[in-house]
């Protein structure tokens, strides 16, 4: 499987491009600006994007949806709980005032345990609410793309619409800490001392995952 990790925008957001080596079918996770850079890689590798997956609905992770969808015709994927959150006027107003391009509506609503196939690869949706009600991680062949649920050494903020600290800790302990220690963590922001980690390392060093709270 091809994995491209791109640090884009002003908020140190990671976008990921995943692709099947054989078919070149691809998934784009959290297009967060610098769309030309994303599309250049897609063209250079001759990829065929099927899905644009948003790990959550916050605008710093979805602001590239419009241009990437227009250019690739890939389907936008989001958890149903975050689709519902965006329909709430107060939440929509909060997110819109950040100045990012609003996302187009999602084409596909997913829930915990759903899968997305791209070529010979399969991404499992793991629902990890807390940072937002519909936050998800994608588990693909020993790799976990965590969005803002889990960072290297930290976890996502909860002082935003739909955020809840207790729910986040339950997600981290019940959905992520139970994965094999060798699982590679690919976070949603470059906030730690490295750009990747493992479940095993985070259980030892991250107070949010290690049960220190």
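The values are calculated or read from the model by the stated rules, or taken from the named source; none is laboratory data. Computed from a predicted model, the values in this text were never measured in an experiment. Note: ideal-geometry Cβ built from the backbone for every residue, glycine included; neighbour counts use all protein chains shown.
Data table
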read-out: Matching entry among 86, 8 (being more than 16 Å from the chain's Cα centre (by Cα), under 22 Å from residue 137 (Cα atoms), modelled with pLDDT under 95 and surrounded by 14 or more Cβ atoms within 10 Å (Cβ to Cβ)); value: 86
read-out: Count of segment 133-191 residues which are modelled with pLDDT under 95 and surrounded by 22 or more Cβ atoms within 10 Å (Cβ to Cβ); value: 1
read-out: Among the candidates 162, 174, residue that is part of a loop (DSSP other than H, G, I, E, B) and either over 19 Å from residue 12 (Cβ atoms) or in contact with a strand residue (DSSP E or B) (Cβ under 8 Å, 6 or more places away or on another chain) (or both); value: 162
read-out: Scope segment 7-28; condition outside any loop (DSSP other than H, G, I, E, B) and under 15 Å from residue 74 (Cβ atoms); matching residues; value: 15, 16, 17, 18, 19, 25, 26, 27, 28
read-out: Meets criteria (in contact with a strand residue (DSSP E or B) (Cβ under 6 Å, 6 or more places away or on another chain) and surrounded by 23 or more Cβ atoms within 10 Å (Cβ to Cβ)) for residue 55; value: yes
read-out: Residue selected from segment 13-34 under the condition surrounded by fewer than 24 Cβ atoms within 10 Å (Cβ to Cβ) and modelled with pLDDT under 95, by the criterion nearest to residue 151 (Cα to Cα); value: 33
read-out: Flag for residue 46 being touching a strand residue (DSSP E or B) at 6+ places or on another chain (Cβ under 8 Å), over 27 Å from residue 158 (Cα atoms) and either without any contact (Cβ under 8 Å) to a residue 60 or more places away in the chain or surrounded by 15 or more Cβ atoms within 10 Å (Cβ to Cβ) (or both); value: no
read-out: Options 169, 144; residue that is touching a residue at least 40 places away in the same chain (Cβ under 8 Å), within 24 Å of residue 11 (Cα to Cα) and not in a strand (DSSP E or B); value: 169
read-out: Residue ID - farthest from residue 132 (Cα to Cα), chosen from residues in segment 29-54 that are outside any helix (DSSP H, G or I) and touching a helix residue (DSSP H, G or I) at 6+ places or on another chain (Cβ under 6 Å); value: 49
